[in-house]
1. Filtering region 198-210 down to residues that are at negative phi and more than 19 Å from the chain's Cα centre (by Cα), which residue is surrounded by the most Cβ atoms within 10 Å (Cβ to Cβ)?
2. For residues that are of a type in the set (D, E, K, R) and in a helix (DSSP H, G or I), scanning just region 30-47, find the one that is surrounded by the fewest Cβ atoms within 10 Å (Cβ to Cβ).
3. Which members of region 125-166 meet the condition of being crowded, with 19+ Cβ neighbours inside 10 Å and at positive phi?
4. Please work out which residue is farthest from Ile72 (Cα to Cα), limiting yourself to region 102-111 and to residues that are surrounded by 19 or more Cβ atoms within 10 Å (Cβ to Cβ) and of a type in the set (A, V, I, L, M, F, W, C).
5. List pairs: first in region 173-199 and without any contact (Cβ under 8 Å) to a residue 40 or more places away in the chain, second part of a helix (DSSP H, G or I) and open to solvent by 70 Å² or more (accessible area, probe 1.4 Å), Cβ under 8 Å, 6+ apart or cross-chain?
6. Tell me which residues, restricted to region 231-245, are in contact (Cβ under 8 Å) with a residue 40 or more places away in the chain and over 15 Å from Ser218 (Cβ atoms).
7. I'm checking my understanding of the structure. Among residues of region 215-231 that are assigned to a helix (DSSP H, G or I) and open to solvent by 20 Å² or more (accessible area, probe 1.4 Å), which one is farthest from Ile246 (Cα to Cα)?
8. Can Ala71 be described as farther than 22 Å from Lys140 by Cα and open to solvent by less than 10 Å² (accessible area, probe 1.4 Å)?
Amino acid sequence: MSETPNRAAPKQAPSPAGWQEADTETFLGLARYAVPDREAQIAALVSQIPATDQPFDVIDLCCGEGLLSAAILARFRQAWVTGLDGSAAMLASATKRCRRFGVRFTTQRVHLGNAWAQPTRQPRVVVSSLALHHLDDHGKQSLFRSVFRTLAPGGALLIADLIQPATTEALHYAADEWDEAVRERAQLLDGNSAGFDSFAAEGWNLFRHPDPDVDKPSSLFDQLCWLRDAGFRGVDVFWMRAGHAIFGGRKP
């Protein structure tokens, strides 16, 4: 590769209300249990990245510990990923995980509710995992419009996130299914329930323990409509379980 792509990045703004670095540390400890079918989610999202033989830029919005960034870099040798996050601990973890990819992975400490700068070179893909539910409805709509303007033609916005069930019955089902998914992973990974016990003790199942200062999930139907309203086409859902969904669309 002869040149390093110029990557777009949001400007800094306040982090989601109520989220502290201590929450980051808790999440890093629980995530291997708390994210249902984590490997399947990553595979489903990566599978939807538009193929190209040319070098391309990816923005991983709220990259966390870098699992998704690492999967993209491993799958696409022509990809350059910028991991954005408001947590220094998350960025440190992502940097360590992606160190083997060298200069193809960079990070920037920015926060979720940011306005996007006009890039000198447009990203082809924007991905986000388990982050956008910290934005309210207006914030999500604004972000979708900003990402659409930023993306290169043919690019994609791909989201893995928690969604708000539309009925009380669906809410209870999502809560039960999330608990069951965490139990399964704890048994699979460790052969005991300790991982689930920690998940339950922390009250991490927001369908059972809502915290509206931090968590503001929107319905899947609304978000698909907002993506279409922003200009995205091919809007679809690619995976779903236990109140978690992977969805997105492409810029014509």
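1. Within region 198-210, the first condition is being at negative phi, and the residues that meet it are 198-202, 204-210.
Filter once more, so that each one left must be more than 19 Å from the chain's Cα centre (by Cα): 198-202, 208-210.
On the way: Ser198: 17, Phe199: 24, Ala200: 16, Ala201: 9, Glu202: 15, Arg208: 15, His209: 12, Pro210: 15.
My answer is Phe199.
2. Glu39
3. Leu130
4. Residues of region 102-111 surrounded by 19 or more Cβ atoms within 10 Å (Cβ to Cβ): 104-105, 107, 110-111.
From what is left, the residues that are of a type in the set (A, V, I, L, M, F, W, C) are 105, 110.
Values: Phe105: 10, Val110: 21 Å.
Here the answer is Val110.
5. Going by the 8 Å Cβ cut-off, the qualifying pairs are Ser193/Arg183; Ser193/Gln187.
6. Answer for region 231-245, where residues must be in contact (Cβ under 8 Å) with a residue 40 or more places away in the chain and over 15 Å from Ser218 (Cβ atoms): Gly231, Phe232, Phe238, Trp239, Arg241, Ala242.
7. By that ranking, first place goes to Asp229.
8. Values: farther than 22 Å from Lys140 by Cα: yes; open to solvent by less than 10 Å² (accessible area, probe 1.4 Å): no.
For Ala71, the condition - farther than 22 Å from Lys140 by Cα and open to solvent by less than 10 Å² (accessible area, probe 1.4 Å) - is not met.
The values are calculated or read from the model by the stated rules, or taken from the named source; none is laboratory data. Everything numeric here is computed off the predicted structure, so don't read it as measured data. Glycine gets a Cβ as well: all are built from the backbone with ideal geometry, and neighbour counts include every protein chain shown. To get the accessible areas, we keep the full protein, side chains included, count just its heavy atoms, and leave off ligands, DNA and RNA. Shrake-Rupley method; radii C 1.70, N 1.55, O 1.52, S 1.80 Å.
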